[in-house]
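The values are calculated or read from the model by the stated rules, or taken from the named source; none is laboratory data. What you see is a predicted model, and the numbers here were worked out from it, not measured in a lab. Here the Cβ positions follow ideal geometry from the backbone for every residue, glycine too, while neighbour counts run over all protein chains shown. Side chains are part of the model used for accessible areas, which takes the heavy atoms of the whole protein and leaves out ligands, DNA and RNA. Shrake-Rupley method; radii C 1.70, N 1.55, O 1.52, S 1.80 Å.
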Number of protein chains: 2
Amino acid sequence: MSPKFFFFSYVEVHWFNKLHLFEYLSNDADVSYALTSERNIHSLLSVCACFIYELFTVCPSRLYRAQGSGKMQSNLSVSDSDGSSFAPLVVLELAEDTEAETIAWLLNRIKDKQQNGGAELLVEQLQVSGQNELKRSPKVSFFVGSTWQRLLNGAEDVGLFKEFHDGTMRGFTYANRESFKDFQGDGDDFLSIAECQYIIKHELETLRAKAEVHVPGYPKVKLYPGKSVIRRLQSKGILVQYYPLHDKEELKRLSFSWYRKINLSFQPLDDIRHYFGEGLALYFGFLEYFTFALVPMALIGIPYYLFAWEDYDKYVLFAVFNLVWSTVFLEVWKRCSAQLAYGWGTLSRKKAFEEPRPGFHGALGTNLVTGREEPVYSNTKRQLRIYLVSVPFVLLCLHLSLYVMMIYFDMENWALSIYDEDPNLWTSVLLFIPSIIYAVVIEIMNLLYRHAAEFLTGWENHRLESSFQNHLVLKVLVFNFVNCFASLFYIAFVMQDMLLLRQSLATLLITSQILNQIMEAFLPYWLQRRRNKKVHKRVRRMMGDKELPLVEQVQLESDMNTYLGTFDDYLEQFLLFGYVSLFSCVYPLAALLVVLNNITEVYSDAFKMCHVFKRPFSEPASDIGVWQLAFETMSAIAVVTNCALIALSPQVKAYFPEMETQLILTVVAVEHCVLAFKFILAFIIPDVPKDIQIKLAKLEFESLEALKKKKMLEAAEIPKTDK
Amino acid sequence: MSPKFFFFSYVEVHWFNKLHLFEYLSNDADVSYALTSERNIHSLLSVCACFIYELFTVCPSRLYRAQGSGKMQSNLSVSDSDGSSFAPLVVLELAEDTEAETIAWLLNRIKDKQQNGGAELLVEQLQVSGQNELKRSPKVSFFVGSTWQRLLNGAEDVGLFKEFHDGTMRGFTYANRESFKDFQGDGDDFLSIAECQYIIKHELETLRAKAEVHVPGYPKVKLYPGKSVIRRLQSKGILVQYYPLHDKEELKRLSFSWYRKINLSFQPLDDIRHYFGEGLALYFGFLEYFTFALVPMALIGIPYYLFAWEDYDKYVLFAVFNLVWSTVFLEVWKRCSAQLAYGWGTLSRKKAFEEPRPGFHGALGTNLVTGREEPVYSNTKRQLRIYLVSVPFVLLCLHLSLYVMMIYFDMENWALSIYDEDPNLWTSVLLFIPSIIYAVVIEIMNLLYRHAAEFLTGWENHRLESSFQNHLVLKVLVFNFVNCFASLFYIAFVMQDMLLLRQSLATLLITSQILNQIMEAFLPYWLQRRRNKKVHKRVRRMMGDKELPLVEQVQLESDMNTYLGTFDDYLEQFLLFGYVSLFSCVYPLAALLVVLNNITEVYSDAFKMCHVFKRPFSEPASDIGVWQLAFETMSAIAVVTNCALIALSPQVKAYFPEMETQLILTVVAVEHCVLAFKFILAFIIPDVPKDIQIKLAKLEFESLEALKKKKMLEAAEIPKTDK
């Protein structure tokens, strides 16, 4: 029954994450420093130090020099079988024992003309040089590239929006290419590399089987006309992975403007989007927006901390401010996100027709929409699985989580009673035991649950990846919410111990803050100082300014972890938002701590994206999707908890002496009014800023007018016969 | 303090409405029986009787005969100046003192070719014959018609969706006309007359000024390039009105299948839509759906009435059922409405670009969307007017309404105390005085408020008609809600007199029901019986089977009231929904009464549409718009009131003896769970049925595929130069 449990729980959780980070760091070491070839003598910590060294001591002038060094394709290129060279954009990695027949077939299909059902891309096998000591497994890798003409046509296929010469965003068409703002010459600077890679991914994924009944060389891997070849190869393990290549020059430039200098300016969201795509840029945009939005709350929270700890009257004011803030914050984010998405051309972009996800299976039938033959799976069956298995399972897990929490509180009481009976060193150590056990159990439950949720959602057999993701997010979100906040709710509303609640909240946030600072700056910095001279010299000697040869780059990137999307990043922000909003009127300093935490978060996330993971394929996104709903739900729950907390405060209770009923009714009435006000506010504030509404309306109007004009000309040509 | 006030209030309101109905009936009499020419000797009641006579005694065979009599245009036609005859569809009525120059200019613009900026329609002045004794004012009326070719092109302009030969709904294009299901020959049966009239309205309204700086003949009526000519003439009073003509044959057929036989089958929604357009058909669809949806509630309510008046335990069950029902009801309606709208081609139809409403004014500026010169009005100014004037005004009116209610309750108490002191005839009459005064005051307030709301919304100077309507609906809705339900809320939650509440609710609904029955069936039936012989003979002699000549038809329809839209009809249903859902757990019989009321409502509304009003222009609608939101809000409020009523019930209170706090907390918790459940349910139930989703997805997929194919062919033609 003390805040120490939270500390321990947090430490445990945090170290778990940090071990992951070390893993990342060590992976990242491979990318830039693997050439040192003495990899095995590098400890995790020394690897980490290298990065921090670079982070703090790298010479800006050298980076700026890199900025002028031209496009990637001028640095690196491979030649295809015809001898013409092309810039490698995407790497396909096949299993080592893939049949030669299969490889030949696949390459042929990729190279084949579009009229013949091919992807019309350029492809070349990676030539692994014998002397390369980093070669670990004999993977069969291929570079995929494309001509500019093909990429521009592909941009039209995927429905890319680009800035028109009049400043509006329009769907790119090859025919009108000259009218787009940045189109010059052959258009070889028009598309960003991330866009090119996205286009190649799209073209590869829409490469469909023609008359083949199975993959050549694998009679058991069935195909049917219209099935995506890549998806089938992937789901059968023949295609191990495919990923876009990092562009070292651009990455250097980006990382310098992003996180390598300690700056107070905004993040280079456009550059992030340029390199990583809209989905990730929106995450970083949200992170930044959330942090800035918390600043007023943080500033208001400081005087509360300094002067009026116990004055609940003022807390009521703070809570009201907080409620209005959380609504306005989310509504204004919608507008910001629309603004960003418009500028990036994803706001009015139509969603491409979604393919079934690789894991989807079912009896072969006719897709009612496309008319193609493909596996179909009864929606009723899926609904049954969801409502009869998944939902009860989640409820059971929640019950278990609450049960464990109750056991923990019991253990706490038991330890406290033993300590009270005989206070000595051993019993005071015993006080910490329940917290530690609970923290470990929570962590284990989280891990087990995550796996179970993934398995269950897979078993539900969703046809589309988006549907799979939504169901997974929902499952994980509910469980994480309960696991993180259940004990706080219990302390607040069952134990009604406000002092303990405040302490718990404070401990949780402060330890998180301190550990973040230590883990992401001080510890590595200290390690770096310790190993500075030794590593510094060796790195300088091995690296110089020399670029890594392409082959090694591919092999290094192939071993990097795959970035699994923004899920965990958003989840972390979601839980922080919960800490800030749910119990804010008890602990107004929370906002300040979250602001401090998020400032470091930006740097560590940016570092992670640039150096720890494989480059992810750019993912078009026009908003933060299901997370908007999650944050809005949290802010609605916050209204309820804050109103309840205010009702429980002694100062408010003093206004209604001997009239508890009256108090409760008043609070309930106020709560309903606040909720109604929230909905009205959300309704009144337009989701899209006026100027973008006008731009969108203008486009629509113009297309209507153009259509009308065309019609009128056609009508004039038709002889009037039927009067 | 008695239910009688409700009775009197209702009677007053109802008679007010019924006087309106008599007015309608007398107007309607003009349409069909004006040829009797002894109009002045007909009393209101005898006119009414004629209709009821026809309603009950008309020979079905005669009506069926009419069904085979062919299309309107074969019966009626006028010749334009070129001598070619056309079917008159729309009537333009100019002010009697319109300058000849203006008329000539307008006719020329309407007839002019589209290439020259004209509407390319056929138009002819109405020839008023001298001997016509019905001619009351020398209005200048014109028939507008069109060739089929022009109408088909217009159908494309307005974006009409029609059934394709494969059963899907697609945007009609003249080029693909042969591929549409019902297209035969020249296509002169393809469009319904309502659609033709809608197209003509659209073409007239988009007839724009070219170089004219003012209307010829009226130097003060300014024009600027792009201004809608019709709108400007209308706003300056030169164009008095324009309306579509009724089609007597079709109307007869429709009215027979709709309301002239007492049937238990569904309404002919497709025919209604065919004649009146989608907006009205959706209203009648909603009315029918609402009534059917209430049937289970009505059936469950009966045993409550028969056996267990005071058993609140069961009421709790009923209230829970009711809450789930009201959520499911509204969600399922969305699906039904999507189904209807899909079948009528309005679901995926794009909204036409909306013109400024006639009353809109502002300084001449550039429209940012269209780039045209037109009046612009600062949005900030409008917002200031809304938030600084309209919102305070509405709040003041609400306050006034509540204040009047309090005065009424005071007067009730005062009358009761006088009666208690000295109970005699005079003091018992005094008991009724407050109710009567309150009812009259409420009615006066409603009327005054409606006018004030219309004035204020006009003064807010909304650019679009839809925005104007939304603001008006919101204003009227809030005030009506408070006016109708405030006294019930007061009785329920301040006086906490459940018996009185139930009586009030019952009185209100039962009197409404009885009066409805009397007014809409028994009274007219009785009158008809009394005058049966006299009228019967005269009508037979004067009418026979003869059709009214076109000129008289126009003059009669011109004098009919204009149907102002479905606002009042929806408002009535909204208030009935409130009676059913807000206090249902106190009075389970309410649903039954509403069902009975709505059955007669269908008949009276249908009669009103067919005979009382001018034919309205068909209005495309894909849903019931803002009313969906209004009903959903009401059902959310119903959760709160029902939970509160349950908490107040003695049986529930008995479960928590001496623990009022506990009781309230439990109820609040349950209420929150129910609200959360409502939201989740609304989220889970898809708004569009699966089969329609598939059809829509199929269309989109096909258009994507077609585009891709086209692109591929184009790409194949372009020589590959930039490898």
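Some observations on this one:
- Cβ-Cβ distances below 6 Å connect the following pairs, each with a first residue in the stretch A:142-166 that is free of Cβ contacts under 8 Å to residues at least 60 places away in the same chain, a second residue that is hydroxyl-bearing (Ser, Thr, Tyr) and open to solvent by less than 20 Å² (accessible area, probe 1.4 Å), and a separation of six or more residues or different chains: A:152/A:174; A:153/A:174; A:156/A:174.
For (1) over 25 Å from residue B:97 (Cα atoms); (2) out of contact with any Leu (no Cβ under 6 Å at 6 or more places or on another chain); (3) among the charged types (D, E, K, R); (4) part of a strand (DSSP E or B), each residue gets a yes or a no:
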residue	(1), (2), (3), (4)
B:184	yes, yes, no, no
B:194	yes, yes, no, no
B:197	yes, no, no, no
B:234	no, yes, no, no
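- Residue within the stretch B:630-638 that is more than 10 Å from every other protein chain (Cβ to nearest Cβ), touching a helix residue (DSSP H, G or I) at 6+ places or on another chain (Cβ under 8 Å), open to solvent by 50 Å² or more (accessible area, probe 1.4 Å) and closer than 30 Å to residue B:274 by Cα present: yes
- Residue within the stretch B:696-703 that is more than 22 Å from residue B:340 (Cβ to Cβ) and surrounded by fewer than 16 Cβ atoms within 10 Å (Cβ to Cβ) present: yes
- Screening the stretch B:591-688 for helices (runs of 4 or more DSSP H) wholly inside it with 2 or more residues that are within 28 Å of residue A:679 (Cβ to Cβ) returns the ranges B:626-648, B:660-684.
- Members of the stretch B:351-370 found to be within 14 Å of chain A (Cβ to nearest Cβ) and out of contact with any helix residue (DSSP H, G or I) (no Cβ under 8 Å at 6 or more places or on another chain), listed by number: B:351, B:365, B:366, B:367
- Considering residues of the stretch A:171-201 that are open to solvent by 50 Å² or more (accessible area, probe 1.4 Å), in contact with a Phe, Trp or Tyr (Cβ under 8 Å, 6 or more places away or on another chain) and away from chain B (no Cβ under 12 Å) only, the residue nearest to residue A:275 (Cα to Cα): A:182
- One residue stands out in the stretch B:150-170 among those that are open to solvent by 40 Å² or more (accessible area, probe 1.4 Å) and either of a type in the set (Phe, Trp, Tyr) or assigned to a loop (DSSP other than H, G, I, E, B) (or both): the one that is nearest to the other protein chains (Cβ to nearest Cβ), namely B:166.
- Test: residue B:644 is more than 32 Å from the chain's Cα centre (by Cα) and free of Cβ contacts under 8 Å to residues at least 12 places away in the same chain: no
- Residue identified as at pLDDT 80 or above, more than 30 Å from residue B:588 (Cβ to Cβ) and small (Gly, Ala, Ser) among B:352, B:293, B:298, B:338: B:338
- Test: residue in the stretch A:655-663 that is more than 9 Å from chain B (Cβ to nearest Cβ) and on the phi > 0 side of the Ramachandran plot: yes
- If you go through the stretch B:443-467 and pick out every residue that is open to solvent by less than 20 Å² (accessible area, probe 1.4 Å) and either part of a helix (DSSP H, G or I) or on the phi > 0 side of the Ramachandran plot (or both), you end up with 5.
- Residue A:496 meets the conditions (1) at pLDDT 90 or above; (2) at positive phi; (3) not small (Gly, Ala, Ser) in every case but one. The failed one is (1).
- Taking each residue of the stretch B:679-696 that is more than 10 Å from chain A (Cβ to nearest Cβ) and looking for partners that are assigned to a loop (DSSP other than H, G, I, E, B) and among the β-branched types (Val, Ile, Thr) with beta-carbon atoms closer than 6 Å, six or more apart or interchain, yields nothing.
- If the condition is being free of Cβ contacts under 8 Å to residues at least 60 places away in the same chain and farther than 20 Å from residue B:90 by Cβ, then the stretch B:192-211 contributes B:209, B:211.
- The one condition in (1) away from every other protein chain (no Cβ under 14 Å); (2) under 30 Å from residue B:290 (Cβ atoms); (3) assigned to a helix (DSSP H, G or I) that residue B:394 fails to fulfil: (1)
- Some residue of the stretch B:205-221 being closer than 24 Å to residue B:622 by Cβ and open to solvent by 10 Å² or more (accessible area, probe 1.4 Å): yes
- Residue count for the stretch B:468-502, restricted to those that are open to solvent by 30 Å² or more (accessible area, probe 1.4 Å) and touching an Asp or Glu at 6+ places or on another chain (Cβ under 7 Å): 1
- Residue check, residue B:304 among the hydroxyl-bearing types (Ser, Thr, Tyr), modelled with pLDDT of 85 or more and either outside any helix (DSSP H, G or I) or open to solvent by less than 30 Å² (accessible area, probe 1.4 Å) (or both): no
- When A:388, A:364, A:395, A:340 are checked against the criterion of being surrounded by fewer than 14 Cβ atoms within 10 Å (Cβ to Cβ), touching a residue at least 24 places away in the same chain (Cβ under 8 Å) and among the aliphatic types (A, V, I, L, M), a single residue qualifies: A:364.
- Criterion (of a type outside the set (A, V, I, L, M) and either under 26 Å from residue B:499 (Cβ atoms) or within 14 Å of chain A (Cβ to nearest Cβ) (or both)) met by exactly one of B:610, B:673: B:673
- Some residue of the stretch A:417-431 being touching a residue at least 24 places away in the same chain (Cβ under 8 Å), open to solvent by less than 30 Å² (accessible area, probe 1.4 Å) and under 30 Å from residue A:374 (Cβ atoms): no
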